[in-house]
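For reference, the structure discussed in these notes is given below.
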Amino acid sequence: MLKVINVVGARPNFMKMAPIIEAMNRYPARIQHRLVHTGQHYDERMSKSFFSDLGMPKPDIDLEVGSGSHAEQTARIMVEFEKVCLREAPDLVVVVGDVNSTMACAITAKKLGIKVAHVEAGLRSRDMSMPEEINRLCTDVLCDYLFTTDHFADENLLAEGVPPERIFFVGNVMIDTLLKHRELARGLGLIERWGLKPRGFATLTLHRPSNVDDPDTLRGILEALRTIGEEIPIVFPTHPRTKKMIAQFGFGDYFSSTRQPRGLWMTDPLGYLEFLHLNMHAILLITDSGGLQEEATVLGVPCLTLRHNTERPITCEMGTNVIVGNSGDNILNHAFKVLKGDVPPGKVPEKWDGRAAERIVKVLSRLA
Ligand code: UD1
């Protein structure tokens, strides 16, 4: 029997872990698993609502670490997770993605001599100003099993000297979750209730410190979005970090808090199904998120990424994603191209087929 601890911490972890848990449940005689939530994200709309939307079991253990500086948050997770590892003595810890919880738990387990698996390994932006890039590098260098989403990730790991027998190209677990919930999300009726027309609006997410923590950068982005908003409404489920910065910089006038036929409309963060519903019916996604670049590719919706680089180049090579940076003119040029329909349709990458978690758990079940 393989004793596993699965770790989640922040919003983008939940949809990656849900299909892994489901797949592990198919091996009750071989895999015994427990779920640890670090509590990096804790709000109803950043955490709890995902458990109900995705039908995930409640965490067995909640470390309740909350927010803090990177060092504070990482350290608190490590101290609390070490106690769990000592008490539970797992054979394997599974971490997903690239948030602080991912790195903190990988380091803690490895130092206790516990094997670690990283799902979504090998992604590289080559941008060391991103905390996620540091998390990805530190996690991958010490993991025993590296599960990758595409050939770029495999090549990155091999170039860094990771032995090939540790690397498993399995596909994309986040896409497992998207494909499973797509039809349910399609019919939610939210856009009708909000008076939006299919393909008649854009969706926006913005939360990277590099975009929202500096007032001049954020103002430049909002000016461009205001111009796009004169053509189509832009729905903006707002991350708590961004909401805080908008209030601090006095940028509230760029937004309406009730829906208007045009303009930028701020809403609270949405649940998984509501957000998927919105994105699949949008004409354009504007984002600085990592995962949304992949979701847009599978949904076939054009995506503009407001960053200077991406750790997910396959979404540009094959999918609908374009890296536009954060200067107003570039954002506008690309957005108007999309609105004119001047964009090629994308293709879905290999093995983004809904079966990635099954492939991962097949590998892990052989360790039992
Ligand atoms: C984290 C991840 C980022 C991921 C993002 C998705 C790291 C380094 N960053 O960034 O990769 O894309 O999650 O959302 O792990 N807050 C709340 N309620 C919550 C959680 C946070 O109000 O439930 C506020 C707090 O003021 C906190 C701030 O948001 O200080 C930032 O949260 P934090 O977890 O530090 O980073 P994110 O920006 O969410």
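The values are calculated or read from the model by the stated rules, or taken from the named source; none is laboratory data. Quick caveat, the model's predicted, so the values are computed rather than measured. Cβ coordinates were reconstructed from backbone atoms using ideal geometry, including for glycine residues, and neighbour counts include every protein chain displayed.
So, in region 1-57, how many residues would count as being assigned to a helix (DSSP H, G or I), within 16 Å of the ligand (Cβ to nearest atom) and of a type in the set (Asp, Glu)?
Adding up the residues that qualify gives 2.
A quick yes/no check of all residues on (1) surrounded by 21 or more Cβ atoms within 10 Å (Cβ to Cβ); (2) of a type outside the set (A, V, I, L, M); (3) modelled with pLDDT of 95 or more:
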site	(1), (2), (3)
Leu273	no, no, yes
His277	yes, yes, yes
His308	no, yes, yes
Thr320	yes, yes, yes
Ser327	no, yes, no
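Within region 83-94, does at least one residue satisfy the condition of being in the same structural domain as Asp154 (by TED's automatic domain parsing), crowded, with 23+ Cβ neighbours inside 10 Å and out of contact with any strand residue (DSSP E or B) (no Cβ under 9 Å at 6 or more places or on another chain)?
Checked against the condition, which is being in the same structural domain as Asp154 (by TED's automatic domain parsing), crowded, with 23+ Cβ neighbours inside 10 Å and out of contact with any strand residue (DSSP E or B) (no Cβ under 9 Å at 6 or more places or on another chain), region 83-94 yields no hits at all.
In region 108-224, which strands (runs of 3 or more DSSP E) lie fully inside it and hold 2 or more residues that are within 19 Å of Arg359 (Cα to Cα) and within 22 Å of the chain's Cα centre (by Cα)?
115-119, 145-148, 167-169
How many of the residues in region 191-246 are more than 16 Å from the ligand (Cβ to nearest atom) and more than 15 Å from Leu264 (Cα to Cα)?
Matching residues across region 191-246 total 8.
When only residues in region 163-173 that are within 21 Å of Gly290 (Cβ to Cβ) and in contact with a strand residue (DSSP E or B) (Cβ under 8 Å, 6 or more places away or on another chain) count, which is surrounded by the most Cβ atoms within 10 Å (Cβ to Cβ)?
The qualifying residue surrounded by the most Cβ atoms within 10 Å (Cβ to Cβ) is Val173.
List pairs: first in region 101-115 and touching a residue at least 24 places away in the same chain (Cβ under 8 Å) and under 18 Å from Ile134 (Cβ atoms), second among the small types (Gly, Ala, Ser) and within 16 Å of the ligand (Cβ to nearest atom), Cβ under 6 Å, 6+ apart or cross-chain?
Every condition considered, the pairs that remain are Ser101/Gly9.
With respect to Gly263, is the statement that it is among the small types (Gly, Ala, Ser) and at pLDDT 95 or above true?
no
Of everything in region 102-131 that's away from the ligand (no atom under 14 Å from the Cβ) and more than 26 Å from Leu367 (Cα to Cα), which residue is surrounded by the most Cβ atoms within 10 Å (Cβ to Cβ)?
For region 102-131, the residue satisfying everything is Arg124.
Which of the strands (runs of 3 or more DSSP E) contained wholly in region 235-329 include at least 3 residues that are touching a Leu at 6+ places or on another chain (Cβ under 9 Å) and more than 19 Å from Glu192 (Cβ to Cβ)?
284-287, 303-305, 321-323
With Thr310, Thr287, Thr315, Thr297 as the choices, which residue is touching a helix residue (DSSP H, G or I) at 6+ places or on another chain (Cβ under 6 Å) and within 16 Å of the ligand (Cβ to nearest atom)?
Answer to the check: Thr315.
Only one of (1) in contact with a strand residue (DSSP E or B) (Cβ under 7 Å, 6 or more places away or on another chain); (2) more than 20 Å from Ile221 (Cβ to Cβ) is not met by His334, so which one is it?
Unmet for His334, out of (1) in contact with a strand residue (DSSP E or B) (Cβ under 7 Å, 6 or more places away or on another chain); (2) more than 20 Å from Ile221 (Cβ to Cβ): (2).
Identify, from the list Asp154, Asp176, the residue that is touching a residue at least 60 places away in the same chain (Cβ under 8 Å), more than 24 Å from Lys243 (Cα to Cα) and surrounded by 17 or more Cβ atoms within 10 Å (Cβ to Cβ).
Testing whether each residue is touching a residue at least 60 places away in the same chain (Cβ under 8 Å), more than 24 Å from Lys243 (Cα to Cα) and surrounded by 17 or more Cβ atoms within 10 Å (Cβ to Cβ) leaves just Asp176.
Taking the residues in region 58-101 that are acidic (Asp, Glu) and part of a helix (DSSP H, G or I) as candidates, determine which candidate is farthest from the ligand (Cβ to nearest atom).
Glu88
Out of (1) within 18 Å of Thr139 (Cβ to Cβ); (2) in the same structural domain as Gly263 (by TED's automatic domain parsing); (3) of a type in the set (A, V, I, L, M, F, W, C), what's the single condition that is false for Ala153?
The one condition Ala153 does not meet is (2).
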